[in-house]
C-alpha cells in the first residue's frame, strides 16, 4: 500500500480494541473507532455492506492491513453524500449494471493493538473521503437493505434496450438479406432486359426504335419522334433536337400518338418500372450513359435509355434539356393536369431522382413520350 493512501484518514484518531482478540481481523472487527464506542467496527460495516469479506495482508513495506469488502446497500446510494459523488440516478444505474465491491482498509500500528482507517473506495483504487463514510455509517440507518429492489427497474430497462437493439439488428440483417436477394434478382433482370432488346419500325414514318422488356411490359427504349399535326414540338423548334431527343407533346397529343399496338403508359406502369429496376437507384439506372449535363450520366443498366430532352411550358418556355427527362403518363390528376415520370441526376447520394408524383398541365406543357406494349400471355390451351 502506498504511503499517501495510508495517510488519508489518520485524522480520525486511534481505535481501541476489545480484549481477548486472537487475530488481526478479529481485532479490527471487534474494535471501536475513536468517538464511536457505541458499536464495533464489524457491526457498523455490516450495517451498510451486509455480508462482508474480511482479509489480512502485509505490504512490501511491512505495513499490516485488515481489509473489509462488501456490496454496498441501498442507503449508501440515497443518503451518503460522500459516496454519492455523482447524480444518484446515474450512480445507481452504474452500480446495478456493473456491481463492484466497496473496500475499507485499516492500518494496524506496529507493536500495538491500535489501528486506524486508511482507505475507503473501490477495488480499482477510486477513493472517497473516509471521514464522510464513517460519519454516515455511525449516524445513518443501521439497517442493511440490499440493492436488489432498486436494481430491478435498471436491469429491466437494460433488458428492454438490449431486446430493442437485438430487434433493430435483426431487422437490419433481414433488410440487408432482402436487399441482397433483390439485387441478385435485379442483376438477373438486367441480363434478361439485354437479351430482350428488339428493333421496332413505326410504319407511319419508317423510323426505327429499340424496345426492351422490363417488369412484364415491352417499353420503347427511345423517345417517340413522330410529328403529330398539332401540339408536338422539337426543343426550341430545332429539328436536330428531335433527332437526338424525340419530340415533345401535349398530353392530348400524347394520348393518341403511339403506334398501333402500343399505348401511353399509366402512372402505375411507370411505378412498376421504377420498382423493377430498384426504387432507390431508379434515377440512375434508367438514364443514358451520355448526354447529361456536367457529365452526371446514368448507368442505363436496363437499356431504357432515358435522354434529358427537357420540357416546354407556356409560362416558363423551354427548359431542362440536358438535366431532365420527363414523360407523360396516361393517368390524369384532375381535369387540367396529368401525371408524368420525371428523371434527373442528383437525388439520394447522387444516384438520381425518379418520381411520378408531379402533375403537369395537359394543355400548357409539352413532354417526352415513351410508348409501352403489353406482352402476350402464352396459353396452355391449344
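Taking the range 161-185 and a reference point 7 angstrom along Cα→Cβ of residue 279, the backbone N atoms nearer than 16 Å belong to 175-176, 178-180, 182-183. Once the Cα atoms are used to define both axes, helix 148-196 deviates from the longest principal axis of the chain by about 20 degrees. Projected over every direction and averaged, the convex hull enclosing the alpha-carbon atoms of the chain yields 35.6 nm². Here the calculated FRET efficiency for residue 256 and residue 299, from their Cβ-Cβ distance with R0 = 25 Å, stands at 0.15, rounded to the nearest 0.05.
The distance between label points at residue 175 and residue 149 comes to 4.3 nm (points 7 Å beyond Cα on the Cα→Cβ vector). Among 40, 356, 288, the largest mean-square fluctuation in a Gaussian network model of the chain, built with springs joining Cα atoms closer than 10 Å, belongs to 40.
Give the calculated FRET efficiency between residue 375 and residue 90 to the nearest 0.05, with a Förster radius of 51 Å applied to their Cβ-Cβ distance. That pair, residue 375 with residue 90, gives E of 0.20.
Cβ crowding within 10 Å ranks 109, 139 as 139, 109, fewest other Cβ atoms first.
With an 8 Å Cα cut-off and a minimum separation of 6 or more residues, compute the relative contact order for the range 197-374 in percent. Present the calculation step by step, with values, prior to reporting the outcome.
Details: 432 pairs, mean separation 45.6, N = 178.
The normalised contact order for the range 197-374 reaches 26 percent.
Given the options 208, 335, 93, which has the most mean-square fluctuation in a GNM of the chain, springs set between C-alpha atoms less than 10 angstrom apart? Highest fluctuation of the listed residues: 335.
Under the rule a/c < 1.5 gives rounded, and otherwise a/b versus b/c splits prolate from oblate, where does the range 197-374 land using the Cα gyration tensor? In terms of gyration-tensor shape, rounded. What is the range 155-194 by shape, rounded, prolate or oblate, if you read a ≥ b ≥ c off the alpha carbon gyration tensor as root eigenvalues and call it rounded for a/c under 1.5, prolate for a/b larger than b/c, and oblate otherwise? Since a/c reaches 1.5 and a/b is larger than b/c, the shape of the range 155-194 is classed as prolate.
Computed on the range 91-196, with alpha-carbon pairs under 8 angstrom and 6+ residues apart, the relative contact order is 19 percent.
Per 0.36 nm of contour for each residue apart, how much would the distance between residue 139 and residue 244 grow if the chain were fully extended, relative to their Cα-Cα spacing?
Working: separation 105, 0.36 × 105 = 37.80 nm, distance 9.33 nm.
That pair, residue 139 and residue 244, stretches by 28.5 nm at full extension.
Ellipticity at 222 nm from helices only: DSSP H runs of n ≥ 4 in the chain, each -39500 (n - 2.57), divided by the residue count, give -9500 deg cm²/dmol. Looking only at 153, 131, 60, which one moves most when the chain is put into a Gaussian network model with springs between Cα atoms under 10 Å? For the chain, modelled as a Gaussian network with Cα springs under 10 Å, the answer is 60.
Would you please classify the overall shape of the range 215-263 from the alpha carbon gyration tensor, given that a ≥ b ≥ c denote the square roots of the eigenvalues, rounded means a/c under 1.5, and beyond that prolate means a/b larger than b/c while oblate covers the rest? Verdict is oblate for the range 215-263. Given their separation in residues at 0.36 nm each and the Cα-Cα distance between them, residue 206 and residue 131 gain 16.8 nm when the chain is fully extended. Compared with the direct C-alpha span, the chain from residue 182 to residue 160 gains 4.7 nm at full extension, assuming 0.36 nm per residue. Legend: ranking of residues 276, 266, 203 from fewest to most surrounding C-beta atoms inside 10 Å; resulting order 203, 266, 276. Summary value for the chain: 12 percent relative contact order, contacts being C-alpha pairs under 8 angstrom separated by 6+ residues.
Given a Förster distance of 30 angstrom, what is the FRET efficiency for residue 197 paired with residue 263, based on the Cβ-Cβ distance and rounded to 0.05? Spell out each step's value before the answer.
Details: r = 20 Å, r/R0 = 0.68.
Given R0 = 30 Å and the Cβ-Cβ separation, E is 0.90.
Fewest-first ordering of 267, 230, 289 by other beta carbons within 10 Å of each residue's beta carbon gives 230, 289, 267. Taking only the alpha-carbon positions of the range 60-207 and ignoring solvent, what does the Debye formula give for the base-10 log of I(q)/I(0) at q = 0.13, 0.14, 0.16, 0.21 Å⁻¹? Rounded to two decimals, the profile gives -0.78, -0.84, -0.97, -1.28.
Coordinate-derived values only; no laboratory data. Here the structure is a predicted model, which is why all the values come from computation and not from measurement. Note: ideal-geometry Cβ built from the backbone for every residue, glycine included; neighbour counts use all protein chains shown.
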